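Following: one structure in structure tokens, then a few remarks.
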Amino acid sequence: MRIYPLFDTNIFYLCRVMPGHDDPCQCKNMNGISNNEIKYLRSLSQKKFRDEYGVFVVEGEKMVAEALKSGFEVEKVWSESEIGSDAMARISSLASPSPVLAVVKKPGNVRLEDENGVAGVLGPHGLFLALDTIRDPGNLGTIIRIADWFGLDGIFAAPDTVELFNPKVVQATMGAIFRVRFHYCDLHLLADAVGSAGGKLFGTFLDGQNIYERPLSTGMESPTVIVIGNESNGISPQLGARITERLFIPSYPAGVTTSESLNAAVATAITVAEFRRRML
């Protein structure tokens, strides 16, 4: 058993040399991608391997282009023109494989462990989101995309929110993952930091006050955080007790029975749009 570097990273793989062969080239398939590379790329569909190697996968021409022009470090790019459609289908996690795929290093400051770290990201002003245990990858990706569209200053997420680098999350962001600041933290530490900075926490509740009739702080003078609750349970009672302003998104027409709730990403878009409208 010998160890060979398969591409220009700090990751190495065990490559078994067959009897009578003294180099690793026999591990390469005819398309120029090794079997160990394929196994490695396929393993990154699992969180434990993304955590172990400190990387995640990006697929699609637009997404890879966004990664390459971002501040993220791209380890390597594979393209269908170089390795063939069969190999691309083997390494892709998409139902319809894209023509290009990249492995990107995770940023090192995603998790904030104390109030000082949270306060440092929060700063003296700005408009932020806080996600109280969002579990659906599509919702998280869409929320990140919404934050990017409306130019929010960052997103804080409870530790048990779905993983940021889940392939479905990454794909749903449509490149916004490379532009939006995102941090996991204890949301009670966030509430403490917001209070210390003289800011406000807003959240949507069924018993809240009409968002279109309430004054809203826009984050221009102090930090404003909009809390988005879990898809099934909403904002937890413990965090709900820390909310400064309880808001409600009314359905129309008033008094007529409609859907009992909104999708988390839809509620986020409506709420953030109203906060931004107040800045016009």
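Observations
- Taken over the range 138-156, the criterion of being among the charged types (D, E, K, R) and either assigned to a strand (DSSP E or B) or not assigned by TED's automatic domain parsing to the domain that holds V266 (or both) is satisfied by no residue.
- Residues that are within 13 Å of Y40 (Cα to Cα), surrounded by fewer than 17 Cβ atoms within 10 Å (Cβ to Cβ) and within 17 Å of the chain's Cα centre (by Cα) within the range 52-90 comprise just one, G54.
- Extreme residue, surrounded by the most Cβ atoms within 10 Å (Cβ to Cβ), among residues of the range 23-44 that are in a loop (DSSP other than H, G, I, E, B) and modelled with pLDDT under 95: I33
- Failed item, numbered, when V118 is tested on (1) over 15 Å from the mean Cα position of the chain (by Cα); (2) free of Cβ contacts under 8 Å to residues at least 60 places away in the same chain; (3) buried (at least 18 other Cβ atoms within 10 Å of the Cβ): (2)
- Considering residues of the range 176-229 that are out of contact with any strand residue (DSSP E or B) (no Cβ under 6 Å at 6 or more places or on another chain) and among the charged types (D, E, K, R) only, the residue surrounded by the fewest Cβ atoms within 10 Å (Cβ to Cβ): D207
- With respect to the conditions (1) at pLDDT 95 or above; (2) over 21 Å from the mean Cα position of the chain (by Cα); (3) not in a loop (DSSP other than H, G, I, E, B), A267 lacks only one, and its number is (2).
- Whichever residue in the range 245-264 is in contact (Cβ under 8 Å) with a residue 24 or more places away in the chain and surrounded by fewer than 16 Cβ atoms within 10 Å (Cβ to Cβ) and, among such residues, is farthest from the chain's Cα centre (by Cα): P250
- Search result, residues across the range 91-137 that are over 19 Å from Q46 (Cβ atoms) and assigned to a helix (DSSP H, G or I): E115, N116, G117, V118, A119, G120, V121, L122
- Being in the same structural domain as P223 (by TED's automatic domain parsing) and within 25 Å of S222 (Cβ to Cβ) is a property that holds for G120.
- Members of the range 157-212 that are aromatic (F, W, Y) and part of a helix (DSSP H, G or I): F178
- Among residues that are in contact with a Leu (Cβ under 9 Å, 6 or more places away or on another chain) and closer than 30 Å to T244 by Cβ, L101 is not included.
- Which numbered condition P99 fails, given (1) modelled with pLDDT of 95 or more; (2) farther than 19 Å from G175 by Cβ: (2)
The values are calculated or read from the model by the stated rules, or taken from the named source; none is laboratory data. Here the structure is a predicted model, which means the values were calculated and not measured. Cβ: placed from backbone, ideal geometry, glycine included. Neighbour counts: every protein chain shown.
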